[in-house]
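The values are calculated or read from the model by the stated rules, or taken from the named source; none is laboratory data. All values reported here derive from a predicted model rather than from experimental measurement. So basically every Cβ, Gly included, is an ideal-geometry build from the backbone, and we count neighbours across all protein chains shown.
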Amino acid sequence: MAEKVLSMAEAIRRYVPDGSSVALGLALEPLIPFAAGHELIRQQRRDLTLIGPISDILFDQLIGAGCVGRVKAAWVGNVSEGLGYNYRRATEQGIPRGLEVEDYSNYSVGLALLAAALGVPYIPMRSLLGSDIARDHPAIRPAPSPLDGTPTLLVPALQPDVAIVHVQRADAEGRAHVWGGLGVCEEAALAARGVIYTAEEIVPSEVILSDPNRVLAPEMKTLAVVHAPGGAHPSPVQGYYNRDHAAFAEYHERSRTAEDFAEWLREWVMGQPDRASYLAHLGDERWRSLRAREQRLAAPVDYGY
């Protein structure tokens, strides 16, 4: 089987052209692929459609860098601090460009991705009945249930061009293990036309195949595997490092104005050619302070007969 390991720069160059729809931040607060998002910014991708659930500051950074034309998400901001200033500037003032927004709830975006994963045109739901999302959404449609005539909403399938998923480990053939809170990682990986995995570790295939139930999606979906230690910082990766709360607070202060954000962007993204440089800029002491301090190992699983 052909190896799929690429550098971050090459994976983004090959598989995320301008105009792509990209699913990101699929586990909600953990496992956000910041390293991949920063490479999208460095390569000056344009007119992207971002897809995700509650989406933390990576969406805000991509929007502020001018990479994004549309957002299909449940929320965009800075989870621990609240507001996403770039998102607000784009929607209210068109800075740095206007932004089309298609609102979802976490549940409805998950159903939209699940519908695409299953290859069906839509999935019915009820929880948005009477909401502004259902009233204003351009694609979600009311329809009576064919079984009993009760009100339902039809959530159409949402198929990203690519899902970028940060994982704990992957092999060179494109199989990945991920654990902890998954959010809609599996639905998005199965829904997307292709998947880029950014991984803390690249491990032998025997490690992945020893626990097949933990494999996120079939390797045939995988476009590329990128070795990206620390690739989710400042978000957490279970078993590897904790959330860097200070980074989110710092970003909140340094993105209040477009000029402040431009300075932050020069320092943390454009001035760092890759993730290794970014972590060096973060500093060894701060990086070590975030590393996992204890082990909570799962019990072994016996797949024998």
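Summary table
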| item | result |
| --- | --- |
| Among the candidates A117, A163, A172, residue that is assigned to a strand (DSSP E or B), under 22 Å from the mean Cα position of the chain (by Cα) and under 30 Å from E3 (Cα atoms) | A163 |
| Qualifying residues in segment 59-89 (those that are of a type in the set (S, T, Y) and farther than 21 Å from H137 by Cα) - the one nearest to the chain's Cα centre (by Cα) | S80 |
| Matching residues in segment 77-109 - criterion: being of a type in the set (A, V, I, L, M) and either in contact with a Gly (Cβ under 8 Å, 6 or more places away or on another chain) or farther than 26 Å from E187 by Cα (or both) | L83, A90, I95, L99, V109 |
| Cβ pairs under 7 Å, 6+ apart, first in segment 204-225 and closer than 19 Å to E10 by Cα, second aromatic (F, W, Y) | T222/Y197; L223/Y15; A224/Y15; V225/Y197 |
| Which numbered condition A246 misses (of (1) loosely packed, with under 12 Cβ neighbours inside 10 Å; (2) touching a Lys or Arg at 6+ places or on another chain (Cβ under 9 Å); (3) of a type in the set (A, V, I, L, M, F, W, C)) | (1) |
| Residues of segment 30-53 that turn out to be in contact with a Gly (Cβ under 8 Å, 6 or more places away or on another chain) and either in contact (Cβ under 8 Å) with a residue 60 or more places away in the chain or in a strand (DSSP E or B) (or both), as a count | 11 |
| Any pair with Cβ under 9 angstrom, 6 or more apart, that starts in segment 292-305 at a residue that is at pLDDT 90 or above and ends at one that is surrounded by fewer than 10 Cβ atoms within 10 Å (Cβ to Cβ) | V301/N213; Y303/N213 |
| Complete set of residues in segment 93-109 that are in a loop (DSSP other than H, G, I, E, B) and either among the charged types (D, E, K, R) or on the phi > 0 side of the Ramachandran plot (or both) | G94, R97 |
| Single residue of segment 257-297 satisfying the filter (more than 26 Å from E10 (Cα to Cα) and of a type in the set (S, T, N, Q)) that is surrounded by the most Cβ atoms within 10 Å (Cβ to Cβ) | S289 |
| Odd one out for V71 among (1) within 19 Å of E100 (Cα to Cα); (2) in a helix (DSSP H, G or I) | (2) |
| Residues that are under 15 Å from P160 (Cβ atoms), out of contact with any strand residue (DSSP E or B) (no Cβ under 6 Å at 6 or more places or on another chain) and aliphatic (A, V, I, L, M), drawn from segment 35-57 | L40 |
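Okay, residues lined up against (1) assigned by TED's automatic domain parsing to the domain that holds W264; (2) of a type outside the set (A, V, I, L, M, F, W, C); (3) surrounded by fewer than 18 Cβ atoms within 10 Å (Cβ to Cβ):
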residue	(1), (2), (3)
A2	no, no, yes
R13	yes, yes, yes
L50	no, no, no
Q61	no, yes, no
S80	no, yes, yes
G94	no, yes, yes
Y104	no, yes, no
L111	no, no, no
